[in-house]
1. Quick one: A:Ala521 ticks every box in (1) surrounded by 17 or more Cβ atoms within 10 Å (Cβ to Cβ); (2) over 27 Å from A:Pro94 (Cα atoms); (3) among the aliphatic types (A, V, I, L, M) except a single one, so which number is it?
2. Only one of A:Glu159, A:Glu223 is within 30 Å of A:Val90 (Cβ to Cβ), surrounded by fewer than 18 Cβ atoms within 10 Å (Cβ to Cβ) and not assigned by TED's automatic domain parsing to the domain that holds A:Arg41. Can you tell me which?
3. Scanning the range B:153-191 for residues that are among the hydroxyl-bearing types (Ser, Thr, Tyr) and over 24 Å from C:Gly56 (Cα atoms), which turns out farthest from the chain's Cα centre (by Cα)?
4. Taking C:Leu184 as meeting all but one of (1) crowded, with 20+ Cβ neighbours inside 10 Å; (2) touching a helix residue (DSSP H, G or I) at 6+ places or on another chain (Cβ under 7 Å); (3) more than 13 Å from chain B (Cβ to nearest Cβ); (4) not β-branched (Val, Ile, Thr), write down the number of the exception.
5. Determine which single condition A:Gly325 fails, assuming it passes every other condition in (1) among the small types (Gly, Ala, Ser); (2) within 30 Å of A:Leu464 (Cα to Cα); (3) out of contact with any His (no Cβ under 8 Å at 6 or more places or on another chain).
6. Within the range A:231-241, can you find the residues that are more than 21 Å from the chain's Cα centre (by Cα) and surrounded by 19 or more Cβ atoms within 10 Å (Cβ to Cβ)?
7. Among the residues of the range C:2-43 satisfying the criterion of being more than 22 Å from C:Leu241 (Cα to Cα) and assigned to a loop (DSSP other than H, G, I, E, B), which is modelled with the lowest pLDDT?
8. If you take the residues of the range A:94-113 that are under 30 Å from the mean Cα position of the chain (by Cα) and loosely packed, with under 15 Cβ neighbours inside 10 Å, which of them is nearest to A:Glu183 (Cα to Cα)?
Amino acid sequence: MAFNGLSRRNFLTTAAGAALVATTPGTEVVAQGGLKILKSRCAQAIETLDPGWRLGTVDDDIMRAVWQGLISVKPGEEWGWEKQLASDIVQESPTRIRFELRKGVPWSGGFGEVTAEDVKFSYERIANPDNKMAYRTDWEKLARVDVTGTHSGVIHLKEPFMPLWLSTLPAGSGLVISKKAMEAKGIQKITTDVLAVCGPYRIKTMEPRRIIVLERNPLWQGEKPAYDEIHYIVILDANAAEIAFEAGEIDFTHLPIASVARLQKKLPPKSKLIVKPSLAYWWLGMQSEDGPFKDIRVRQAVQHAIDVDMVLEGAFFGVATRATGIIAPGLLGHRPKNLVEKPDLARAKKLLADAGFPNGFKTDIGVRNSAEFVNAAQVAAASLAKVGIQAEVRPFDSGAQKALAGDKAGGWNKMGLHIVRFSMQPDPSWATAWFVSEQVGEWNWERFKNPEFDKLHGSLTSELDEKKRDQGYQRMQDLMEQSGSYVFLTHGVNAAIHRDTVVPALSPDAQRQFWNKFKPA
Amino acid sequence: MTTADAALATPLPAERAWLIVVRRLLADPLGTLGLTIVVLLVISALSADWLATHDPFELAPRQRMQDPSPDHWLGTDQLGRDVFSRVIYGGRIALWVSLTAVSLSLFGGLVLGMLAGYGPRWLDNALVLLFDSVRSFPTIMFALAMVTLLGPSLGTIITVIVVASIPVYGRIVRIQTLSLKETEFVLAERALGAGPIRVLFSHILPNVIGPLLILASMEIPVVITIEAGLSFLGLGVRPPTPTWGSILQEGYQYIRDTPWLVIAGGLPLILTTLGFTFLGEALRDAFDPKLNRP
Amino acid sequence: MEPLLDIRDLSVEFATPRGKVKALRRIDLTVRPGRIVGIVGESGCGKSTLVSAVMGLLAGNAQVTSGSIAFEGRQLRDLPEPAWRDIRGRRLAMVFQDPMTSLNPVISIATQMIDIQHRDDASRGDKLKKAIAWLAKVGIADPEQRIEDYPHRFSGGMRQRIAIAMALLMNPALLIADEPTTALDVTLEAQIIHLIKQLRSEFDGAILFVSHNLGLIAEICDEVVVMYAGEVVEHAEIRRLFHSPSHPYTQLLLTCDPARIESEERTLPTIGGTVPDLAHLPGGCIFAARCPEAFERCRAEAPGTYRVADGHSVRCFLHADD
């Protein structure tokens, strides 16, 4: 008996070996010629590795491994930053930041070392309105970067800009790329070829829809990363990713919230679960300018009708806790509690009756077409049905929902209610920016217009007094809730599972991976 | 009279064509199976209110994802709703959507096909062009476009299916009308003073409707599958309306927690498709005069 | 007597990819009330086109280019379609060649026969009674039962009887029978001919009987029109035609009729040559190329219609009076 030249004896030993590997999934982090390899799941295809154009957190993960900023978010439990390219960085005045670069940090590809010219180039290209980059608001207060020496410079702001230290400098928009490399190749926008790297890793192979392999940057002089190679494997489907994890194909993956409850009860062998509050915010909103919702009493009735705990139970399986606003706990401006804390159906019915809708009315809840949203909307609709409001759930592709709700031409009034999630950086201004009057017809789908809110948003980014900022942002969330247009739901959670042979290094919300700080257990 | 003539002229026992068809159908085991499944489906759809053990819309998030039990025969879904009841009501919707869509497209196909086949040349050319352009557009792309425009709902699904399948019926009716128009009995009718309306409805329609009804019974499972497919893609009926496609889709999301949800949504879909297909094929054979069986 | 049907100088052309086919040229035909007029000729001579033109059922690519059709004193040419429908069935009726295809297979005889009486105000029951009566007249046994049957339950001969009953149901002034026996075997043919003769007592209209069979024509017609390649070449009382055929084509046709051949021969006599291409007509007489008696003038110009005797005319220079 022969299987294509494979003897029976041979076949049996091979099969036994395969069986052995299969029964001990993922313990072989060290494999393949003695290289230490970390295999992580990439949940989206890679499209743009440009600091000014990046699309998702997957792009961020790769960019942080191949480039560095002056400073970087510190992995761990608390939001904070640490120095990277900067050997020294000081806020000299509210509008002046002086920095000193470490000397002799080389660019790959023979583009010399990292200089203050590179810093100036990297930040000013994002700030330049002519370039129309997606992240230009991160640098909108930048006046210029002065180069005072090969390794020193000063960042000048037009006015004080507090988010700089939390969501600009340590994040993607603060990364430094090589001016010489960009000019030598004559490129305006980086896609998947990063040209020159200065970080701990470089790209070995790049198949944007299948796998991205990073290997050590041989020129790297800093702390040596524990893993020789990072395999970032593209698996779009969450169920498939979980199966891949159990089969030992990957060592780390983020999880859908639906899986958390099950995994909390029973974890696969030799693995660990991470559940962290997210910074993002979910809310149920209603447009305030058309139909029944023009009347603030109708909006307040909705606020009193929605059983938020039940919505969270249905959409997040009890894993997520209720939000008190759009700014997550632990951040400046977090509000201790909601104004409307418990559902009050009698009050809601009375408000509806006063507004002239004693028998309720028909409307729609627009949501993104994914499980958490659709589940949340169904429970919300059940809550509303109890006071007579018949809300039909309308799932959309995210683009289609934005096109309708953010339609300047008037499509917005086709939808009464919506449930939305916005992502968030650690500075509170990132949350309030979308609800100013200017954003009506863009992202302010509630068409919430409040002069005090607009004024506070404008002044608080330049406010140096932390206490005043804290109180200001709390006040802004009160204003939102008082308008009747908002029911704050949750910040959600970020969940991930990893092999117990790996110690991950993640941002405090568990969203971002710092691969050079991942370590074997 | 010749003897052959006399033999044929002797009146035979009064037999209706459909009696022969039913007898032939019951002689075919697959046809009987198909008929049984379809009849059961119709009964369960009509009596959903009595058969369902729970309100299919009743939410109980804290009782989510329970295993099958005497109270919940097929367990509960991610929002704690009774899956068995949702499957029963899903059957009602599947049947309603498919019957509505098929009869509307049958009607549309008949009218347009007869117009094309019997009407003036320019109208024929225009309608054939219309049929061909609709057919050349992939149904699912068309569905995506329509859902984006109109939003997902039962009405949108039915519209999509009707628009996409009118050409299927229309082309068949047109071809049949074209050939029937040339037959001597149509000419004979016209020679006896029948106008176009009378020719179309009294003479062409009865000749076309039989094959068309068989085609329609074969189209019903296709429509149910399209509806399920669209619901699975999240483009179908709006939640919380229970449909087999959306039960399947939700089941797939939580397949690692509640694998029976996928079975609960998938099995009736498979059975119904098989049932209608068996029935349609058996009907086609039963109506086929060339297969000369008892 | 005022003619029932009076066709004068009728020409019909078909538009085809090959060009215009001149299917009928300058046809003159008269049918007087109560008469049976036969039209005889080879296949493709234009018999069917002529009856279609009379019925107003010409194919879409056909066009009447000249002449007139008067029926009961009314001009039929260019009559609007609704007016046509009023005449068809009521005053004009037709029996077709193939009884196997001229009845709708999926509708019962009763429904079909009631359906064609749609212009009458009578009740359904009366219409049914009338239909049954006519079935009895055409010799359908047990008509009360059989009328509920579908066409496939009847033999070819029975179906043709039904078709005749349907045509006569509305008591038309003119019945057109287009080769009504061609698709039947000889015994059935004889029965149908017998039936038509017999029905003359029930039905006082005229009949236009189209056939390629001179024997049948001789049996039932009062007068006969001979057609060749889209033209009427001879028109005469039936006896006169058989006793003194005047056109060489008629004479040849009579010698070729198997029923009239007396001597025993191994081969049937035929007319040599072929019918001319109607899209590219030769000059001169249409029959000249095949005519054993053709002379100079026949090839040079087309003959007119010449009178041989009362009610006997012929389109041939042999009888030219000029």
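The values are calculated or read from the model by the stated rules, or taken from the named source; none is laboratory data. This is a predicted model, so every value here is computed, not measured. Cβ placement follows ideal geometry from the backbone for every residue including glycine, while neighbour counts extend to all protein chains displayed.
1. Looking at each condition in turn, A:Ala521 falls short on (1).
2. Details: A:Glu223 fails: not assigned by TED's automatic domain parsing to the domain that holds A:Arg41.
Residue meeting the stated conditions: A:Glu159.
3. B:Ser153
4. With (1) crowded, with 20+ Cβ neighbours inside 10 Å; (2) touching a helix residue (DSSP H, G or I) at 6+ places or on another chain (Cβ under 7 Å); (3) more than 13 Å from chain B (Cβ to nearest Cβ); (4) not β-branched (Val, Ile, Thr) applied to C:Leu184, the lone miss is (3).
5. Just one mismatch for A:Gly325, condition (3).
6. A:His231
7. The selected residue is C:Glu2.
8. A:Arg96
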